[in-house]
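The values are calculated or read from the model by the stated rules, or taken from the named source; none is laboratory data. Given the structure is predicted, the values throughout are model-derived calculations rather than measurements. Backbone-built Cβ (ideal geometry, glycine too); neighbour counts: all protein chains shown.
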Amino acid sequence: MAAALEDPADADLSRLAELHGVATSYSPAPGRDVPVPASAVIAALAALGVDAAGPGAVRTALAVRERELSERLLPPTVVHWAGDPRGPAALTALPPGTRLRVRTEEGEERDGTWNLPLGVHRLTAAAPDGRTGHARLVVAPDRLPAPPGRSHGLLVQLYSLLSRRSWGMGDLGDLAELAGWAGRTAGAGFVQVNPLHAAVPGAPTDPSPYRPSSRRFPDPVHLRIEDVPEYAYVPDRERLNGLLERAERLRATVLDKGALIDRDAVWELKREALELVLAVPLGPGRRAAYDEFRAAQGQALDDHATWYALAETHGFDWHRWPGELRDPRSADTARARAELAGRVEFHARLAWLTDGQLRAAQRAAREAGMAVGIVHDLAVGVHPDGADAWAQQDVFAAGMSVGAPPDAFNARGQDWGLPPWRPDRLAACGYAPYRDLLRALFRYAGALRVDHVMGLFRLWWVPQGSPPTEGTYVRYDADAMLAILALEATRAGAVVIGEDLGTVEPGVRETLARRGVLGTSVLWFERDWEGDGRPLPPDRWRDGCLATATTHDLPPTAARLTADHVDLRDRLGLLTRPATEERAEATADAAEWLALLGSLGLLDLTAAGPPGTDEEEEIRAVHRFLLRTPARLIGVWLPDGVGDRRPQNLPGTWDQYPNWRLPIADRQGRPVPLEELTAAPRLRALLDVFTQAREG
C-alpha cells in the first residue's frame with residue numbers, strides 16, 4: 001500500500017496541496033477521515049504543473065505559491081451574483097483605496113458599482129501601492145431558471161428507441177416523434193435522453209454515451225438521413241436505395257430477430273449515405289445558414305472537424321499520430337487541415353446537420369405543448385483519445401483520470417478513464433471551454449442534466465497506472481462553475497438537473513438547491529438514513545428535484561419488484577454474498593415500499609402476494625406515490641411502460657453484459673418499436689396516472 005500523509009514531516013506537502021486545492025484526506029462517511037497516499041498528492045500536483053517530487057522541491061514550490069497568492073490583487077476569475085450589493089466576495093481583501101474598473105461584454109466602461117449586466121466582463125484593479133490586477137468578472141443571476149410549473153415526462157436512452165423508420169438504432173426523428181406524441185397525448189412536459197455527444201469512431205466503437213470524443217458537438221450517428229433536405233436530390237438513387245435496403249435488414253435483425261444494437265454497422269451505413277447526401281450542393285438559404293453556424297462555432301468546430309479528418313488517416317488515438325500532428329496549433333496540423341479540406345468540410349457539415357435536427361426535436365416538443373421539452377445529458381468527461389482531449393490539451397490534466405474513491409457499494413473505487421479539466425487553467429482562461437460547452441448544449445435543450453454534478457465542486461483524480469484506491473480529490477472553484485452554469489442557463493431559459501446520487505460532500509446539495517439546480521431522487525434510495533432506515537414518506541421528499549422510480553444504471557421497476565436483478569447479477573458472478581441472502585434482502589426492500597404504498601391508499605394489498613404479483617398495478621402505484629411527493633419534475637422510465645426487465649447499463653461489467661446496446665423490450669424480451677410503444681395499453685395506463693391526477 002502507498003504511504004499516506006500522516007507524518008508531521010509532511011506538513012509542507014500538505015500545505016502546498018491545500019494551496020492548490022489538492023486533498024490529503026477524504027471522508028467516506030460522517031466522522032471518518034481517510035488519508036490519501038502521498039504519491040497521489042504528488043502526482044496530482046505534477047498534473048497541475050507543480051514539482052513536489054522531494055522535500056526541496058516542495059519547499060521551493062510552497063514559497064512560490066505563497067508569494068504568488070500574497071502579491072496578486074485579483075484571482076484570474078471573479079464571481080458576482082447579481083443583486084448582491086456587497087460586490088464579489090473575492091474583493092474583500094483588496095487594499096483600501098483600490099480603484100476598480102469594469103469593461104462589459106458590450107465594451108462599456110463602468111466604475112466600481114455592482115449594478116452590472118449579466119455576462120463575462122473584464123475587471124481591472126489598481127492599488128495605491130502601484131500594483132494592478134486583471135480578471136474576468138462573471139456576473140450571474142442569483143438563481144437558475146425554475147421549471148414552469150410541475151410536470152411529468154419520459155426518460156429514455158435514444159439508441160434503444162427504434163422505430164420502423166430508423167436504421168438499426170433510435171435517431172433524432174424518433175425523438176421528435178416521441179416528444180410530439182408524449183406532449184399531445186400524455187400531457188408530458190419533457191423527454192430526457194442520454195448524452196448525444198460525438199463518439200470516438202472506429203470499430204468497435206465504445207457504446208457508452210458517457211465516454212465521448214467531444215461533449216461540445218453531437219454525434220451524427222443520431223441523424224435521420226431522410227430528413228436532411230439534400231437527401232431528396234441525391235442523383236444516384238440506385239445506390240441510395242441499396243443503402244435503404246441494407247438499413248431495413250439491419251433494423252429487422254434488432255426488432256424482429258432480437259439482435260443487439262450494432263452502432264458500428266449503423267454508422268457504416270449512415271456514413272456511406274451521408275457521403276452521397278453531402279455531395280449535393282447547398283441552396284443559397286441553406287448555404288447561408290451553414291456559413292453562419294460555422295462562423296459562430298469558430299475554432300472549436302475547425303478543431304473538431306480536423307480531428308475527425310486526421311483520425312480517418314492516422315487512426316483514432318491522437319497520441320499515436322505523427323509528432324507534430326499531436327499539436328492542434330502546429331504548422332504540420334495547419335498543412336494537414338488544408339490538404340484534408342474536403343474531409344474537414346464533411347465533418348463540419350455533419351455537426352451542422354445534427355445540430356439542426358436536435359433543434360428540430362426541441363421545436364417539436366414545444367409545439368406539442370411540452371413546458372420544458374428535451375432534457376439533454378452532460379457527461380462528466382471525455383475520452384482521452386478523442387477530439388476534445390486533442391484540441392484542449394492545455395486545460396486537461398495529463399496523466400490523470402476521473403473516478404470515485406472506495407465506498408460502501410464499491411470497495412475498490414472506480415476509474416472512469418476520463419481526463420479531468422485542470423481547475424487552474426480553467427480559471428486562467430475565464431472558463432472559456434466550459435462556457436462554450438454549455439452554450440452549445442443549450443442551443444437545443446429545454447433542460448440539461450449534469451451527470452455527477454458534484455464534479456462542479458471536486459473530482460477524484462486517479463494517477464494513470466494506479467488503482468482507484470490511490471487517488472485524491474482535487475477541488476474546483478464551485479462558485480465560478482455554478483455562476484457560469486447559471487449565466488448560460490438563464491440566457492437559454494433552460495432548467496438544470498444535477499445528478500447527485502451516491503456519496504455527496506456536506507453542503508453540496510444545499511448549495512445547489514440555493515442556486516436553483518434541481519437534484520435527482522430515485523425511489524429505492526429515498527429512505528430515512530439518519531433515522532430508522534425505513535422508506536421516506538412522500539411529504540419528506542425534497543421539492544427541488546427530478547423524482548424517478550429508476551435510472552439507466554439501475555434495474556427497471558419490474559425487475560426490482562421481482563428481484564430479477566439479483567438473478568442477473570448471480571448469473572454474471574457479480575454477487576458478493578449468497579444469492580439467497582441477496583434475493584431475500586431485495587424482496588424485503590420491495591415489500592417495505594409496497595407496504596408504504598398500501599398504507600397511503602395507493603395500492604390495494606388485501607389480496608396481494610409477494611412483490612411483483614401484480615407488477616403493472618404496483619408500478620402504477622409507485623408513480624402515484626411519486627405524484628404525492630413535492631418533486632417539481634417526475635420522470636417515467638419508458639421501458640417501465642412495457643415491462644422491460646433489463647437494465648440498459650450494469651455498472652461493474654464490460655464484456656459480461658451488453659451495456660448500452662439493448663432495444664426497449666417487453667417482459668418477454670421482445671423488442672418493442674416506437675409505433676407499438678405509443679399504442680401499448682400498459683404504457684397508456686401508466687401515463688393515465690398523471691392524466692387522472694391532473695384532471696382530479
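Couple of notes before you dig in:
Each row is one residue, and each column tells you yes or no for (1) surrounded by 13 or more Cβ atoms within 10 Å (Cβ to Cβ); (2) at pLDDT 95 or above; (3) part of a helix (DSSP H, G or I).
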| site | (1), (2), (3) |
| --- | --- |
| Met1 | no, no, no |
| Asp10 | yes, no, yes |
| Val34 | yes, no, no |
| Ser39 | yes, yes, yes |
| Ala52 | yes, yes, no |
| Val58 | yes, yes, yes |
| Glu66 | yes, yes, yes |
| Ser70 | no, no, yes |
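- Test: residue in region 522-541 that is small (Gly, Ala, Ser) and touching a residue at least 60 places away in the same chain (Cβ under 8 Å): no
- Filter result for the condition that a residue is crowded, with 24+ Cβ neighbours inside 10 Å and farther than 29 Å from Asp303 by Cα, over Ala179, Ala247: Ala179
- Take the conditions (1) surrounded by 16 or more Cβ atoms within 10 Å (Cβ to Cβ); (2) modelled with pLDDT under 95; (3) part of a helix (DSSP H, G or I); Gly612 misses just one of them, which is (3).
- Single residue of region 73-94 satisfying the filter (at pLDDT below 95 and of a type outside the set (A, V, I, L, M, F, W, C)) that is nearest to Pro141 (Cα to Cα): Gly83
- Condition broken by Gln668, with the remaining ones in (1) crowded, with 17+ Cβ neighbours inside 10 Å; (2) at negative phi satisfied: (1)
- Test: residue in region 257-264 that is more than 21 Å from Asn649 (Cα to Cα) and of a type outside the set (Phe, Trp, Tyr): yes
- Index of the failed condition, Gly130 passing every other in (1) over 20 Å from Asp355 (Cα atoms); (2) at pLDDT 95 or above; (3) of a type outside the set (Asp, Glu): (2)
- Filtered residues of region 366-420 (kept if surrounded by fewer than 23 Cβ atoms within 10 Å (Cβ to Cβ) and on the phi > 0 side of the Ramachandran plot): Gly369, Gly399, Gly413, Gly417
- The condition (being within 17 Å of Ile42 (Cα to Cα), without any contact (Cβ under 8 Å) to a residue 40 or more places away in the chain and more than 19 Å from the chain's Cα centre (by Cα)) is satisfied by just one residue among Gly465, Gly471: Gly465.
- Against the conditions (1) surrounded by 15 or more Cβ atoms within 10 Å (Cβ to Cβ); (2) over 18 Å from the mean Cα position of the chain (by Cα), Gly533 satisfies every one except (1).
- Failed item, numbered, when Pro681 is tested on (1) farther than 21 Å from Asp570 by Cβ; (2) within 26 Å of the chain's Cα centre (by Cα): (2)
- Condition check for Asp604: assigned to a loop (DSSP other than H, G, I, E, B), surrounded by 12 or more Cβ atoms within 10 Å (Cβ to Cβ) and either among the polar types (S, T, N, Q) or touching a helix residue (DSSP H, G or I) at 6+ places or on another chain (Cβ under 8 Å) (or both): yes
- Tally of residues being small (Gly, Ala, Ser), within 30 Å of the chain's Cα centre (by Cα) and part of a helix (DSSP H, G or I) across region 550-601: 4
- Options Ala295, Ala279, Ala232; residue that is within 27 Å of the chain's Cα centre (by Cα), at negative phi and among the small types (Gly, Ala, Ser): Ala295
- For region 576-594, a residue qualifies if it is aliphatic (A, V, I, L, M) and buried (at least 16 other Cβ atoms within 10 Å of the Cβ), and the qualifying residues are Ala586, Ala590, Leu594.
- Helices (runs of 4 or more DSSP H) enclosed by region 338-453 - at least 3 residues per element that are over 18 Å from the mean Cα position of the chain (by Cα) and charged (D, E, K, R): 341-367
- When residues of region 182-202 are limited to those that are within 20 Å of Leu378 (Cα to Cα) and either touching a Cys at 6+ places or on another chain (Cβ under 7 Å) or among the β-branched types (Val, Ile, Thr) (or both), the one surrounded by the most Cβ atoms within 10 Å (Cβ to Cβ): Val191
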